[in-house]
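Participant: Structure incoming, see below.
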Amino acid sequence: MNSFPARLIAIALPLASSLGCGLQEPEKKELPVDISFEARVGARPFACGNTYTGLGTTATTFEPMDFRVFLHEVRLVSEDGTEVPVALTDDGVWQKDGALLLDFADKSGQCTNGTAATRTHLVGTVPEGNYRGLRFTLGLPEALNHRNPTLAPAPFNDTTLFWGWRYGYVFLRVDGRTTGLRSGYVMHLGSMDCPPAEPGQPYGGCTLPSRPEISLEGFVLDQSRVVLDLANLLADANLDVDANVPNTSIGCMSQKEDPDCAPVFNRLGLPFHDPSEAVAVQTFIRLE
């Protein structure tokens, strides 16, 4: 029997390899991501120094004093429904360790916390693809939530975004003077029912983590912007002192004992007393 010539075998092997045997697919290109966030109060842009009318159940006036929010777990949703994480760019100021701080307050008017600089977008990368949705979690993950802000890197080093007595961060801080509360109405969102840390063990295990999951369908990369509307957030809340429950914080400081928090938590799509509570769809954040 005649065997196949060895010389032809030597030629055929590399040819077969070049035709696809064991050939790796080229890596997908990375797309730059730059997503804009806009703060509003109803139809008007949010700005320190402005006065807004018609807020809450008493249609009160509102003068901003602060508006900042942490986000993490940013994902884009592909056409087949797959979530693709956005690799956030660490910049040493606003973004670090997969989380970011948005800051809409510039220290003008009544705004005194934070910095004069503002941050109204996030930057990162995703694999090349077609995307139709945006998802993210408001707040900080458990791994970042319980640290010492005086030793933490930016943007986790601002003590005005930290509860020392609760040893956790304020995920969303909204402060403003109203007609009935000239000293200020506050809405500070953070984890609740957090047990004390055991010696030598990591802190955590909060019964009510207070981290709203935001899902925005119809997102178009490089076109859509995300709107955070304070008028919607505070629509069901009484922002004047006459309705504040006695012996509780003015406004809402994320305390289960404070009924003033319930309307705002509902607008955020969060349970307030029990993690198993049915919740409404959040109405604070939308796409445009």
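The values are calculated or read from the model by the stated rules, or taken from the named source; none is laboratory data. Computed from a predicted model, the values in this text were never measured in an experiment. Heads up, the Cβs are rebuilt from the backbone with ideal geometry, glycines too, and the neighbour counts pull from every protein chain shown. Keep in mind that these areas ignore ligands, DNA and RNA; they rest on the heavy atoms of the full protein, side chains included. Shrake-Rupley method; radii C 1.70, N 1.55, O 1.52, S 1.80 Å.
Participant: Given +1 on the Cβ of Lys and Arg, -1 on the Cβ of Asp and Glu, and no further charges, what dipole in debye does segment 30-287 carry about its Cα centre, rounded to the nearest 20?
Facilitator: Working: 19 positive and 32 negative charges, 119 e Å.
It works out to roughly 580 debye.
Participant: Grab the Cα-Cα distance for residue 116 and residue 38, subtract it from 0.36 nm times how many residues apart they are, and report the gain in nm with one decimal.
Facilitator: Extending this stretch completely gives an extra 26.4 nm.
Participant: Within the set of other residues whose C-beta is less than 11 Å from the C-beta of residue 233, count the net charge using Lys and Arg as +1 and Asp and Glu as -1. List each step's numbers first, then the result.
Facilitator: On the way: positive: 40, 267; negative: 229, 236.
Net local charge, residue 233 excluded: 0.
Participant: So, one more: Using a cut-off of 29 Å between alpha-carbon atoms, which lysines can reach residue 107, once sequence neighbours fewer than 8 places away in the same chain are excluded?
Facilitator: Qualifying lysines at Cα under 29 Å: 96.
Participant: Still on this structure, I have one more. To the nearest 0.05, what FRET efficiency results for residue 57 and residue 91 with a Förster distance of 45 Å applied to their C-beta separation? If you can, show how the numbers build up before the last one.
Facilitator: On the way: r = 40 Å, r/R0 = 0.89.
Calculated value: 0.65.
Participant: Leaving out ligands and nucleic acids, and using a 1.4 Å probe, what accessible area per residue does the chain come to in Å²? Show your work: numbers first, answer last.
Facilitator: Details: 14120 Å² over 288 residues.
Solvent-accessible surface per residue comes out at 49 Å².
Participant: Using a probe of 1.4 angstrom, how much of the accessible area of segment 30-287 is carbon and sulfur, in percent? Don't skip to the end; give the middle numbers.
Facilitator: On the way: 5620 of 10920 Å².
Accessible surface attributable to carbon and sulfur in segment 30-287 totals 51 percent.
Participant: Any chance you could get the radius of gyration and Dmax over the Cα atoms of segment 30-287, in Å?
Facilitator: Over segment 30-287's Cα set, Rg and Dmax evaluate to 17.9, 54 Å.
Participant: Would you grab the residues whose amide H sits under 5 Å from the one on residue 38? Only those 5+ places off in sequence or on another chain, please, with H modelled 1.01 Å from N.
Facilitator: The answer is 226, 227, 228.
Participant: Using heavy-atom solvent-accessible surface (probe 1.4 Å) with all chains present, what is the largest-first order of 79, 288? If you can, show how the numbers build up before the last one.
Facilitator: Working: 79 130, 288 85 Å².
Per-residue accessible area, sorted high to low, gives 79, 288.
Participant: Here's another thing I want to ask about it. Would you tally the net charge around residue 88, using a Cβ to Cβ cut-off of less than 12 Å, leaving residue 88 out, and scoring K and R as +1, D and E as -1? Walk me through the numbers on the way to the answer.
Facilitator: Working: positive: 75, 96; negative: 34, 73, 90, 91, 97.
The answer is -3.
Participant: Further question: What is the packing order of peptides 217-227, 37-47, 182-192, taking the mean over residues of other C-beta atoms within 10 Å and listing the highest first?
Facilitator: Values: 217-227: 14.4, 37-47: 16.5, 182-192: 20.6.
Going by the mean number of other Cβ atoms within 10 Å, highest first, we get 182-192, 37-47, 217-227.
Participant: How far apart, in nm, are two points set 7 Å out from the Cα along the Cα-to-Cβ line at residue 223 and at residue 125?
Facilitator: Distance between label points: 2.5 nm.
Participant: Once the other residues with Cβ under 11 Å from the Cβ of residue 247 are scored (Lys, Arg +1; Asp, Glu -1), what is the net sum?
Facilitator: Details: positive: none; negative: 257, 258.
Once positives and negatives cancel, what remains is -2.
Participant: Just want to confirm a number: the relative contact order over the chain, from Cα pairs under 8 angstrom separated by 6+ residues, in percent. List each step's numbers first, then the result.
Facilitator: On the way: 622 pairs, mean separation 57.3, N = 288.
Computed over the chain, the figure is 20 percent.
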